[in-house]
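A short worksheet on the structure shown next.
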Amino acid sequence: MTTTGAETVFRPARARSVALSATVRRRQGFQHGGWFVAPFLTLFALFVIWPLLRGVYLSFTDANISGDGTSFVGLDNYREAIDDPLVWDALGHSGYFTLLVVPCITVLAFLLAMLAHHIERAKWLWRLCFFAPFLLPSTVAANLWQWLFNPGTGMINYVFGIETPWLTDKSYAMLAVVICTLWWTVGFSFLLYLAALQGIPAHLYEAAKLDGANAWHRMVHITLPMLRNITGLVIALQILASLQVFDQAVVMMDFGTGPEESTRTFVQYTLEEGFTSYRVGYASAISIIFFVLIAAVALARMWLLRNREEGGR
């Protein structure tokens with residue numbers, strides 16, 4: 001096939017023209033799209049970036065809640081936080097709560113999703129019952145379970161015929177908060193698992209049945225491997241949420257710290273230092289430490305996920 005000199009000159013010129021027009025369209029698209037994301041970016045910078053930067057600055061000062069007489073103290077707040085036993089106690093309570101909630105809520109959400117996925121009658125009712133508690137405000141859920149755990153008028157002790165001092169004994173106080181949290185928040189993880197179950201191709205189960213695999217083998221060799229990514233997501237989200245536990249623990253203990261301060265969490269201690277002791281600088285330092293901890297957990301999750309994806313290639 002032969003080409004003329006005119007065609008040889010025309011084709012590069014046309015290519016440059018097409019590339020130039022594509023660049024112009026991308027710039028125009030960015031300009032128009034920028035107006036759509038500008039409100040979000042403005043609010044994000046105003047309510048997230050600026051408070052974070054302000055908190056970092058205050059953590060290096062001895063600022064109080066009135067804002068008067070603020071002076072730079074360097075790393076003194078961070079040194080005090082590391083040596084403060086109450087910080088470690090609060091972190092231990094948050095960690096203990098997380099260790100109890102995360103595995104329980106992961107397993108429970110999976111079992112409820114399996115039940116709702118395979119049940120034949122009134123599927124919508126089961127799904128509504130499992131997810132509805134998640135729609136309640138935290139104060140409503142906490143007040144409800146505070147009444148249920150009440151040793152005098154609550155139903156828990158009456159139904160099971162026990163006399164457990166749930167809210168007045170440090171051995172049971174955090175467990176009561178855990179039970180309330182499981183009932184209240186399992187619906188979100190349940191919904192994630194249910195959506196993932198519905199996305200598993202049916203032909204995989206049909207092929208396994210033809211090969212003689214029973215229900216247990218199908219769950220172990222098909223369902224669980226196909227839900228690996230969603231399980232990792234559920235665990236990561238629950239760890240981040242559990243470390244930040246505050247509402248239900250405070251409300252169930254009548255806005256206190258529980259028996260012998262057994263339910264005082266890290267977030268609660270930070271608020272106490274900032275708004276009860278009026279030490280805004282010290283509270284900012286504690287919150288920055290907590291922020292670094294949360295960020296480390298999130299980055300570890302991203303690193304593990306990336307390594308898993310690279311290992312599967």
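Solvent exposure of the chain, expressed per residue, is 62 Å² of accessible area, with all protein chains present and a 1.4 angstrom probe.
Couplings 3J(HN,Hα) of region 240-252, computed from phi: 5, 6, 5, 5, 9, 4, 8, 4, 5, 5, 6, 5, 5 Hz, in residue order, whole Hz [Karplus 6.51 cos²θ - 1.76 cosθ + 1.60, θ = phi - 60°; x for Gly and Pro]. Per-residue Karplus couplings for region 76-89, computed as 6.51 cos²θ - 1.76 cosθ + 1.60 with θ equal to phi - 60°, are listed in order as 4, 5, 5, 5, 5, 5, 5, 8, 7, x, 5, 5, 5, 5 Hz, Gly and Pro entered as x. Highest mobility in the GNM of the chain, judged by mean-square fluctuation with C-alpha springs under 10 Å and restricted to 180, 104, 129, is found for 129. The residues neighbouring residue 227, those whose beta-carbon lies less than 15 Å from its own, together hold a net charge of +3 under the Lys/Arg +1, Asp/Glu -1 convention.
Please give the length that would be gained between residue 159 and residue 123 if that part of the chain were fully extended, namely 0.36 nm times their separation in residues minus their C-alpha to C-alpha distance (nm, one decimal). Intermediate values should be presented prior to the final figure.
On the way: separation 36, 0.36 × 36 = 12.96 nm, distance 2.83 nm.
Taking 0.36 nm per residue and subtracting the Cα distance, the gain is 10.1 nm.
Considering only 63, 296, 208, the Gaussian network model of the chain with Cα springs below 10 Å gives its largest mean-square fluctuation to 208. Using a probe radius of 1.4 angstrom, the carbon and sulfur fraction of the accessible surface of the chain is 68%. Between 151, 165, 51, the residue with the greatest mean-square fluctuation in the GNM of the chain (Cα pairs under 10 Å linked by springs) is 51. In the chain, helices alone account for a calculated mean residue ellipticity at 222 nm of -23000 deg cm²/dmol, with every DSSP H run of four or more residues adding -39,500 (n - 2.57).
Rolled with a 1.4 Å probe across the full set of protein chains, the surface gives residue 57 an accessible area near 120 Å².
Would you please give the FRET efficiency between residue 170 and residue 295, computed as 1/(1 + (r/R0)^6) with r the Cβ-Cβ distance and R0 = 30 Å, to the nearest 0.05? For R0 = 30 Å, the calculated efficiency reads 0.45. Computed across the chain, the Kirkwood hydrodynamic radius from all distinct Cα-Cα pairs reaches 24.2 Å.
Between residue 36 and residue 207, the simple spin-label model (points 7 angstrom out along Cα→Cβ) gives 3.9 nm.
The values are calculated or read from the model by the stated rules, or taken from the named source; none is laboratory data. Just so you know, these numbers come straight off a predicted model, no measurement behind them. Every residue, glycine as well, gets a Cβ built from its backbone with ideal geometry; the counts of neighbours run over all protein chains shown. Heads up: the accessible areas ignore ligands, DNA and RNA and are worked out on the full protein's heavy atoms, side chains in. Shrake-Rupley method; radii C 1.70, N 1.55, O 1.52, S 1.80 Å.
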